[in-house]
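**Q** Below is one structure. I have some questions about it.
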Amino acid sequence: MSPTDATADAASAPLPHVGTGTCPTPGEDGTARCADRSTEHEDTLDLRLPDELVALFETGQLGAGTDAQDGQGQQSRGESTAPPPSLTPAGDDLLDGVADWGPITTPAGVFQLVPVRVERDLPLVCRWMNDPAVAAFWELAGPQNVTEDHLRSQPAGDGRSVPCLGVLDGTPMSYWEIYRADLDPLARHYPARPHDTGIHVLIGAVADRGRGLGSTLLRSIADLALDKRPACARVVAEPDLRNIPSVTAFLSAGFRFSAEVDLPAKRAALMIRDRSLRDLL
């Protein structure tokens, strides 16, 4: 199951994504033609090459005869394919400095994303992962080494995913993963656009669930990502479709239900928060 399935606003809470695609219609010559759509926010495939790939062509790091592959970020639970080589030059910050995004003032208090330090934070995150309501969707229950392997795999990568503690008024109370959805295996399953930013989240304490806190923090972090990442036009999430409380939390946070997506380990709800609609939803 993808770690996108978190406990956001209820006892079991992953956050979903769902999108509406454009259905091709047959032309007179029998080939598929896309129906003309004028809706501004339709989830159609953006054919512009990612900036990272363009940069590699310009610098000659990706030349003739090289197979350009879709970039992958953090490996989704149930996805067994090893990630291909990164299309991003080493050392680039793919998420525009998550560690420097906050703190921010929210209706719930002062909130900040603090990148995980395994030596300091492993026991806390492992305890949350062993909560049955969380384990049902994250599938990281068990001894500490299970959670440790998951946490260490992200900082050891190329920066496509950053695991963080969510600290509210000085108290760690949630776990977040901010990732490049367009460079993640998820991009194989929906019409990704360059710089799409993904969110996985779980609310740690049972007392913090089911009272709107998840929605409040999701809205704040999604808007913060849009503020701090000018190239990003959308924040996305893909919770398990069965996790109704989590889907509801995303809807309350200004995300729209875009489509149902079949992922390797689950059927997910694709949730999208658009920059252009943030003042309306």
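**Q** Here are the criteria: (1) touching a helix residue (DSSP H, G or I) at 6+ places or on another chain (Cβ under 7 Å); (2) farther than 24 Å from Asn243 by Cα; (3) small (Gly, Ala, Ser). Tell me which single one Gly166 does not satisfy.
**A** Failing condition for Gly166: (2).
To keep it simple, each residue is scored yes or no on (1) of a type in the set (A, V, I, L, M); (2) out of contact with any Leu (no Cβ under 9 Å at 6 or more places or on another chain); (3) in contact (Cβ under 8 Å) with a residue 12 or more places away in the chain; (4) surrounded by 18 or more Cβ atoms within 10 Å (Cβ to Cβ).
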site: Gln144; (1), (2), (3), (4): no, no, yes, no
site: Thr171; (1), (2), (3), (4): no, yes, no, no
site: Arg180; (1), (2), (3), (4): no, no, yes, yes
site: Asp184; (1), (2), (3), (4): no, yes, yes, yes
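**Q** Continuing with the same structure: Restricting the first residue to region 255-281 and requiring it to be in contact (Cβ under 8 Å) with a residue 40 or more places away in the chain and farther than 16 Å from Ala192 by Cβ, which pairs with a second residue that is acidic (Asp, Glu) and in a strand (DSSP E or B) meet a Cβ separation below 6 Å and a spacing of at least six or different chains?
**A** That search, which allows pairs on different chains as well, returns Lys266/Asp240.
**Q** Taking into account only those residues within region 116-142 that are surrounded by 15 or more Cβ atoms within 10 Å (Cβ to Cβ) and not in a helix (DSSP H, G or I), which is modelled with the lowest pLDDT?
**A** Glu139
The values are calculated or read from the model by the stated rules, or taken from the named source; none is laboratory data. Source: prediction; values computed, not measured. Neighbour counts are summed over all protein chains in view; Cβ atoms, including those assigned to glycine, are modelled from backbone coordinates with ideal geometry.
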